[in-house]
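Notes to accompany the following structure.
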Amino acid sequence: MAIFDRNIFAKTATTLGALLVSASMLAGVAQAGETLDKIKSRGQIKVGVGTLPGFFAPDSNGKWQGFFIDFGRALAITVFNDPEKVEFTSSSPQQRLPALQAGEFDILLSGVTQTITRSFKLGFHFGPIIFYDGQGLLVAKSLDVTKGSELDGATIGVQSGTTGELNIADFFRKNGKTFKPVVIEDTKEFVAALESGRVDALTQDASDLALKRAQFAKPDDFLLLPERLSKEPLAPAVRAGDDQWLEIVNWTVYATIQAEEFGITKENVDSFLTSEDPAIKRFLGVDPSLGEAIGLDPKFAYNIIKTLGNYGEIYERNIGKNTPVGFERGYNQPWTQGGLLYSPPFR
Ligand SMILES: N[C@@H](CCC(=O)N[C@@H](CS)C(=O)NCC(=O)O)C(=O)O
């Protein structure tokens with residue numbers, strides 16, 4: 001299968017470029033091409049995830065399933081044309097980014113929020129936003145509160161290393177109220193803190209809280225408040241410095257989004273192979289010129305859709321309205337249907 005031509009990178013490296021590369025190596029930043037080389041020599045992609053059924057969790061046979069998991073499988077299809085050539089490892093929100101930086105993972109698909117600090121100060125890059133979220137509050141119904149500002153003086157569980165840990169302090173400061181944070185790293189302990197009454201509320205990404213609530217022994221005793229305290233755009237995170245790997249991630253995600261916009265699904269993708277529409281011919285690799293130009297298998301988008309389906313299918317299968325959590329699409333639908341999902345053109 002065709003892959004990126006490393007020689008193109010080598011041939012175009014100027015002396016200045018080489019100096020810049022050495023400087024970035026000293027700073028511990030990845031080089032273009034390094035990640036894909038490592039992935040190909042080990043024969044699989046290493047992905048850092050969490051443990052939260054719907055987003056990422058092993059099923060009863062130990063096979064990882066979930067919304068974020070499917071994007072990891074899509075990447076394995078782009079690189080190897082094999083959705084199994086990927087290893088998922090659960091890591092706490094606190095441990096994940098340092099582990100990515102240390103090279104233990106090639107990518108995080110774990111609901112990481114894209115922030116400017118993580119880009120500039122911590123040295124990560126982000127692929128396309130795959131889930132538009134916001135921070136929520138999950139409260140014991142017995143407290144009888146309807147909005148966050150009514151939690152004055154409450155004890156609130158926050159997960160360490162998350163944006164939620166920072167946002168909740170801003171929220172109470174902005175509202176001139178106080179709260180007592182209980183900072184917990186481990187996800188099981190975090191969940192248990194609310195169920196056992198150790199805290200009055202938990203704060204995290206709203207999707208995360210909804211999925212956690214679904215796991216509770218008595219979900220009806222708890223309420224996810226409708227208010228959102230922040231924007232949490234969740235995106236794949238990679239080490240800064242390896243543009244080639246970032247672009248593979250970008251266009252893998254865009255393939256799922258563009259397919260939904262075109263109305264191409266797992267079921268009907270083969271019928272599009274005879275389409276006369278030049279944009280669809282390019283997208284599915286029927287016209288191979290695009291794939292040759294970018295150095296990927298010209299059929300990478302076709303292979304992803306044929307195996308996993310488009311973005312909407314991935315969403316519905318794992319977290320959509322016919323699943324136990326039943327998430328609405330909200331912002332997470334194509335721009336053509338009023339959402340925020342938008343793929344740049346495949347041309
Ligand atoms: N988006 C926040 C929180 C990240 C986070 O905790 N993600 C959730 C999924 S949205 C998660 O991994 N939960 C499962 C777990 O903690 O194992 C951040 O980037 O700091």
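Table for the structure above
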{"read-out": "Residue that is farthest from Leu100 (Cα to Cα) [pool: residues in region 198-234 that are crowded, with 24+ Cβ neighbours inside 10 Å and small (Gly, Ala, Ser)]", "value": "Ala201"}
{"read-out": "Close pairs from region 330-341: first assigned by TED's automatic domain parsing to the domain that holds Asn310, partner among the aliphatic types (A, V, I, L, M), Cβ under 6 Å, at least 6 apart", "value": "Tyr331/Leu340; Pro334/Leu341; Leu341/Ile257"}
{"read-out": "Any chance Gln44 is farther than 17 Å from Leu308 by Cα, of a type outside the set (Gly, Ala, Ser), more than 12 Å from the ligand (Cβ to nearest atom) and at pLDDT below 95", "value": "no"}
{"read-out": "Some residue of region 54-64 being part of a strand (DSSP E or B), more than 12 Å from the ligand (Cβ to nearest atom) and not β-branched (Val, Ile, Thr)", "value": "yes"}
{"read-out": "Segments classed as strands (runs of 3 or more DSSP E), wholly inside region 76-189, with at least 3 members that are under 30 Å from Lys306 (Cα atoms)", "value": "86-90, 131-133"}
{"read-out": "Matching residues, region 105-157, being farther than 21 Å from Ser207 by Cα and either acidic (Asp, Glu) or without any contact (Cβ under 8 Å) to a residue 40 or more places away in the chain (or both)", "value": "Asp106, Ile116, Thr117, Phe120, Lys121, Leu122, Asp144, Glu150, Asp152, Gly153"}
{"read-out": "Qualifying residue in region 119-126 (condition: more than 9 Å from the ligand (Cβ to nearest atom), touching a Phe, Trp or Tyr at 6+ places or on another chain (Cβ under 6 Å) and among the aliphatic types (A, V, I, L, M))", "value": "no"}
{"read-out": "Residue among Gly161, Gly148, Gly157 that is of a type outside the set (Ser, Thr, Tyr) and either near the ligand (Cβ under 10 Å from one of its atoms) or surrounded by fewer than 21 Cβ atoms within 10 Å (Cβ to Cβ) (or both)", "value": "Gly161"}
{"read-out": "Hits in region 327-347 - residues which are within 15 Å of Phe262 (Cβ to Cβ) and surrounded by 14 or more Cβ atoms within 10 Å (Cβ to Cβ)", "value": "Gln333, Pro334, Leu341, Tyr342, Ser343, Phe346"}
{"read-out": "Residue in region 104-113 that is surrounded by fewer than 18 Cβ atoms within 10 Å (Cβ to Cβ) and out of contact with any His (no Cβ under 7 Å at 6 or more places or on another chain) present", "value": "yes"}
{"read-out": "Segments classed as strands (runs of 3 or more DSSP E), wholly inside region 197-293, with at least 2 members that are away from the ligand (no atom under 16 Å from the Cβ), outside the structural domain of Thr117 (by TED's automatic domain parsing) and within 30 Å of Thr146 (Cα to Cα)", "value": "222-224"}
{"read-out": "Some residue of region 90-104 being more than 14 Å from the ligand (Cβ to nearest atom) and either modelled with pLDDT under 95 or within 22 Å of Pro233 (Cα to Cα) (or both)", "value": "yes"}
{"read-out": "Residue match in region 312-332 (condition: assigned to a loop (DSSP other than H, G, I, E, B), modelled with pLDDT of 95 or more and in contact with a Leu (Cβ under 6 Å, 6 or more places away or on another chain))", "value": "yes"}
{"read-out": "Meets criteria (closer than 27 Å to Ile319 by Cβ, away from the ligand (no atom under 16 Å from the Cβ) and surrounded by 14 or more Cβ atoms within 10 Å (Cβ to Cβ)) for Val139", "value": "yes"}
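The values are calculated or read from the model by the stated rules, or taken from the named source; none is laboratory data. As the structure is a prediction and not an experimental result, all values here were calculated from the model. Cβ atoms come from the backbone with ideal geometry, glycine included; neighbour counts cover every protein chain shown.
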